[in-house]
1. What number comes out for the charge environment of Leu30, summing +1 per Lys or Arg and -1 per Asp or Glu over other residues with Cβ under 15 Å away?
2. Using the Kirkwood radius over C-alpha pairs as Rh, can you work out the diffusion coefficient of region 71-135 via Stokes-Einstein at 4 °C, viscosity 1.567 mPa s, in µm² per second?
3. What ranking do 114-126, 80-92 get when scored by the average of other Cβ atoms within 10 Å per residue, highest first?
4. On the Cα set of region 1-84, report Rg and Dmax in Å, please.
5. If you count only protein heavy atoms with a 1.4 Å probe, what accessible area per residue comes out for region 22-70, rounded to a whole Å²?
6. Add -39500 (n - 2.57) for each DSSP H run of 4 or more in the chain, then divide by its residues: what number comes out at 222 nm, to the nearest 500 deg cm²/dmol?
7. Can you give the net charge of the other residues whose Cβ lies under 12 Å from the Cβ of Glu5, counting K and R as +1 and D and E as -1?
8. How far apart, in nm, are the 7 Å Cα→Cβ label points at Glu65 and Glu5?
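The values are calculated or read from the model by the stated rules, or taken from the named source; none is laboratory data. The model shown is predicted, which means the values in this text are computed figures rather than measured ones. Because the Cβ atoms are built from the backbone with ideal geometry, glycine has one as well, and the counts that use them run over all protein chains shown. The area values use the complete protein model at the heavy-atom level, side chains included, leaving out ligands, DNA and RNA. Shrake-Rupley method; radii C 1.70, N 1.55, O 1.52, S 1.80 Å.
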Amino acid sequence: MASPEALVSALADPARLQFFARICADGDGLPADAATAKLAKRLVDAGLVTVTGGRYRAAPEVFREALAKAPADPLDGLFRHGRLVTIPHSGKRRQLLLGHLAERFEPGRLYTEQDVREKLSMVHDDHATLRRYLVDEGLLQRSNDGGAYGRPSEARAAG
């Protein structure tokens, strides 16, 4: 179930909003094609649109579901099918998310950049942004020589 914030975020881009409106206005749905795939991806990930029979169709019930019950875990609304669909720009939810992602890295272990990429790619396609946010917040630290990552005390010892 998507959070209200995730739905609003998916519709925040004017081109995506207009595309969603076109899907809603067409009772039979719009044809799914390569030209519209990029616009549709975020809408599909948020649950606003489904793809059936080669056509994009609106899923208005997602709004009702999002408002019906607040998620017990504040992070629930950020994930869909185990994948991160929205990254909060700031605030407590962002801190909780980054803390959750940092838990993927075992204390006392050093990771190569490739290791970090693989772990974060399992959650979100933009692994570089997630890695940068983790480093910026001090939850993951890069060694001085740039060859290793780890929890802050582990990374410092390597560099």
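1. Overall, the nearby charge balance is +3.
2. The Stokes-Einstein estimate is 105 µm²/s.
3. Ranked from most to least packed, the peptides come out as 114-126, 80-92.
4. 12.7, 38
5. On a per-residue basis, 61 Å².
6. Helix-only estimate at 222 nm: -13500 deg cm²/dmol.
7. Residues close to Glu5 contribute a combined charge of +1.
8. 2.0
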